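Read through the structure below, which is laid out as structure tokens, and then see the notes.
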Amino acid sequence: MDEIYLIFIAIIIGILFFALIAVIYRAIYLRQPSKPDTPQTEDGNTETEPESSPISSGTEKKKNPPIIQPEVSNIPVQPPSKKEITKKVKDRIYPDINLTTDSLSIMESMNRLCQKFSIETCTLASPDGLAIASSYTGGTRDAAYYSNLFLREDITREGEIIISPLKFQNQDLIFIIRSQRNLNSEEIEAIKSDEKRILLFWL
């Protein structure tokens, strides 16, 4: 009876001994650091090694290419010539009106001239103030007054009246235009050029 009791106690002691060894081994194993080679800083924190870049040195990220500004020419743009401007103005303003075909008189031709250039009246006078031709019946008065004004005082504009010399077949004449529009020199020369065509047809 005593022997059985002693054997039972020995088995229990053996089990306890193996259990104690297992507990001690487990405690020692858990106390070991997971990364023994990782250095620690002075404050006890573990230093971590910097992660390597996923991009290898041979395949560095390309930089954006520089923006190339387009070259601007320093050559100044030439403005249109006076001839081109005059042609555009003429094509825009002057309708295609035949001045002499089927015209019954020089007065009718000069009336067509007024319609073409959008002027009120036109009168052709001699230097001594006589009316040679006019687009209206009051041309005689205009010829006398404005030819004298041009010759005596060298006045070329008075209100809506434009006074300009006109040379035809070696004769010095005076051309008088009444216009509410502010005619430029190119328009005045164009009107005088058509007036010469009328004179060549009728005189």
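Quick note: the coordinates plus some simple rules give every number you see, no bench work behind them. All of these numbers come straight from a predicted model, not from anything done at the bench. Counting neighbours? That spans all protein chains shown, and the Cβs are built from the backbone with ideal geometry, glycine included.
So is Lys196 of a type in the set (D, E, K, R) and loosely packed, with under 12 Cβ neighbours inside 10 Å or not? No.
Filtering the stretch 161-188 to residues that are among the basic types (Lys, Arg) and either free of Cβ contacts under 8 Å to residues at least 24 places away in the same chain or within 22 Å of Asp128 (Cα to Cα) (or both) leaves Lys167, Arg178. Looking across the stretch 110-146, the residues that are in a helix (DSSP H, G or I) and either within 46 Å of the chain's Cα centre (by Cα) or over 18 Å from Ser179 (Cα atoms) (or both) come down to Met110, Asn111, Arg112, Leu113, Cys114, Gln115, Lys116, Phe117, Ala144. The number of residues in the stretch 147-196 being under 30 Å from Asp96 (Cβ atoms), hydroxyl-bearing (Ser, Thr, Tyr) and part of a helix (DSSP H, G or I) comes to 2.
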